[in-house]
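Read the structure below first, then the notes.
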Amino acid sequence: MKELENSRVVVLGHYGSGKTNFAVNLALQRRAAGAQVVLCDLDIVNPYFRSSDFAARVEAQGIEMVSPPFAGSNVDLPALSGGLDGVLAEQVPRQVILDVGGDDAGAVALGRYARVLLPRGPAVLYVVNARRPVTDTPAAALEILREIEAVSRIRATHIVNNTNLGAETTPRVLEESQDYIRELCRLSGLPLCCHAVDAAIAGQVVLDGPVLPVEVLVRPPWDQA
């Protein structure tokens with residue numbers, strides 16, 4: 001999972017894929033490993049869950065949070081922070097993690113930074129949940145990825161398996177996702193980065209490939225355990 005240590009990590013995924021939960025966990029884990037981390041929220045249009053919601057927690061760990069100007073308010077405007085340009089262009093050894101919105105607007109926001117991102121050779125992680133209706137087949141997941149890539153002008157480099165059923169996730173749910181992930185990797189030509197697994201059950205699953213235990217931070221009201 002060396003790609004998770006890349007100085008520029010872009011986290012993509014459709015709504016409900018768990019990309020924000022993954023991005024926040026990655027930021028916290030990389031900071032705990034000693035890295036200087038900047039977490040950037042690119043969810044700019046009326047998101048349900050966004051990394052900015054966890055600003056107090058990540059900042060308490062020494063992580064810089066870069067958020068849209070209206071994050072945390074009831075103002076719904078597609079605005080980006082001007083500070084992000086400087087963060088992405090800086091040469092100091094900090095790890096920048098971008099949590100990108102799950103629709104076309106989010107991809108457009110990412111595309112704005114393509115020219116400064118691409119020369120840095122970013123790790124671009126496509127987070128998928130095989131149990132989400134919109135991405136319930138590898139072909140459907142690939143179609144969404146290609147749409148994001150076309151608008152953002154940035155190609156994914158790895159797949160992250162974040163399959164879950166919320167509080168009802170069991171080891172079997174994860175193990176059954178492996179055929180889906182293998183097929184998505186085959187269709188896309190992309191390697192698997194890791195399986196993101198709830199830390200509460202990570203020790204109970206047998207999966208092909210690296211497992212990244214994560215804390216479930218983002219959970220909708222209808223899925224409270």
Work out, step by step, the length gained on full extension between Ala35 and Val92: first 0.36 nm times the residue separation, then minus their alpha carbon distance; give nm to one decimal.
-> 19.3 nm
Which percent of the accessible heavy-atom area of the chain goes to carbon and sulfur, probe 1.4 angstrom?
-> 53 percent
Roughly how many Å² is the accessible area per residue of the chain, as a whole number, for a 1.4 Å probe?
-> 45 Å²
For 109-122, 155-168, ranked highest to lowest by mean beta-carbon neighbours within 10 Å, the order is 155-168, 109-122
In what sequence, highest mean first, do 91-101, 203-213, 185-195 appear when ranked by Cβ atoms within 10 angstrom?
-> 91-101, 185-195, 203-213
Along Cα→Cβ, 7 Å out, is where each label goes; now give me the distance between the ones at Asp179 and Ala114 in nm to one decimal.
-> 3.7 nm
Mind checking the full-extension length gain between Glu5 and Gln204? Use 0.36 nm per residue of separation minus the Cα-Cα distance, one decimal, nm.
-> 69.0 nm
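The values are calculated or read from the model by the stated rules, or taken from the named source; none is laboratory data. Every value quoted in this text rests on a predicted model; they were computed, and no experiment measured them. Every residue, glycine among them, receives a Cβ derived from its backbone with ideal geometry; neighbour counts consider all protein chains shown. Note: areas computed on protein heavy atoms with side chains; ligands, DNA, RNA excluded. Shrake-Rupley method; radii C 1.70, N 1.55, O 1.52, S 1.80 Å.
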